[in-house]
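Comments concern the structure below.
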Amino acid sequence: MGFSVVERKIFAGFLFAFPKKWCNFPNNPVVWDLEPVEIMACFLGEFETTIDAKHRLAIASAFRETVVPAVDGEDWVLVLGPGKRLWLYPNAAYLKLMDVLKPSPFPDRQTDRESMMFAFARNLKSDTQGRVVLPEKSMERARLVEKEITLVGKRDHIEIWPTSEWERHVEAAMSSYDEMVYEAGARYKAGGQ
């Protein structure tokens, strides 16, 4: 079940007002046992924008409005994703992902590979206009030389695509789009993912 931005803001306000796991309401002898509920931002859509000469990227207002700072955090984490594309996560969503990677007290191949993910990640703060500055090194690793880009919502993160590459990807994917929708419907009916 999805929650609207308004519902997420109300829930965030409730958490702020009642930060403990339980609450006693006046004239009510019931103790409410509140379990943590995950209501992370969900990014949808595609938005064309540009990267300016100072490497500033304006995050689309539709994406910014989806973020509830009390739940998702105020900052962003930039990572190098598959296909050498840059991904932006609200910092709370990224921290949740990192919780899954349990560190081992002993070195192993997996933690060695994971070190690259941490090395390529960057914390970014947005300015008052909703822009973040993309580090030069991150842009080089992603081979992001075009200034015209498309921000693509992908559930818990935003992908940064060169617009020309995104349009080629969309054109190639359109031939199988109907089948993709039918498969999603079949998984939904089957109760799977």
| remark: ARG113 passes all but one of the listed conditions (1) in contact with a helix residue (DSSP H, G or I) (Cβ under 6 Å, 6 or more places away or on another chain); (2) without any contact (Cβ under 8 Å) to a residue 12 or more places away in the chain; the exception is number (1)
| field | Index of the failed condition, VAL145 passing every other in (1) in a loop (DSSP other than H, G, I, E, B); (2) surrounded by 10 or more Cβ atoms within 10 Å (Cβ to Cβ) | value | (2)
| message | Being assigned by TED's automatic domain parsing to the domain that holds PRO69, in a strand (DSSP E or B) and not β-branched (Val, Ile, Thr) is the requirement here; does LEU151 meet it? | response | yes
| message | If I go through segment 44-71 residue by residue, how many of them are closer than 19 Å to GLN129 by Cβ and crowded, with 18+ Cβ neighbours inside 10 Å? | response | 8
| message | Residue under question is GLU136, and the condition is that it be assigned by TED's automatic domain parsing to the domain that holds ALA60, more than 23 Å from VAL79 (Cβ to Cβ) and among the acidic types (Asp, Glu); does it hold? | response | no
| request: Mind listing whichever residues of segment 18-50 are in contact with a strand residue (DSSP E or B) (Cβ under 9 Å, 6 or more places away or on another chain) and modelled with pLDDT of 65 or more? | output: MET40, ALA41, CYS42, PHE43, LEU44, GLY45, GLU46, PHE47, GLU48, THR49, THR50
| message | If I filter segment 148-164 down to residues being surrounded by fewer than 17 Cβ atoms within 10 Å (Cβ to Cβ) and among the charged types (D, E, K, R), which single residue comes out as modelled with the lowest pLDDT? | response | ARG155
| field | Candidate set from segment 141-156 (those that are within 23 Å of THR66 (Cβ to Cβ) and of a type in the set (Val, Ile, Thr)); member that is nearest to the chain's Cα centre (by Cα) | value | VAL152
| Criterion: touching a strand residue (DSSP E or B) at 6+ places or on another chain (Cβ under 6 Å) and within 19 Å of ILE160 (Cα to Cα) - qualifying residue of ALA121, ALA53, ALA93, ALA62 | ALA121
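The values are calculated or read from the model by the stated rules, or taken from the named source; none is laboratory data. Treat the numbers as computed from the prediction; the structure is a model and nothing was measured. All Cβ positions, even for glycine, are placed from backbone atoms using ideal geometry, and neighbour counts span all protein chains on display.
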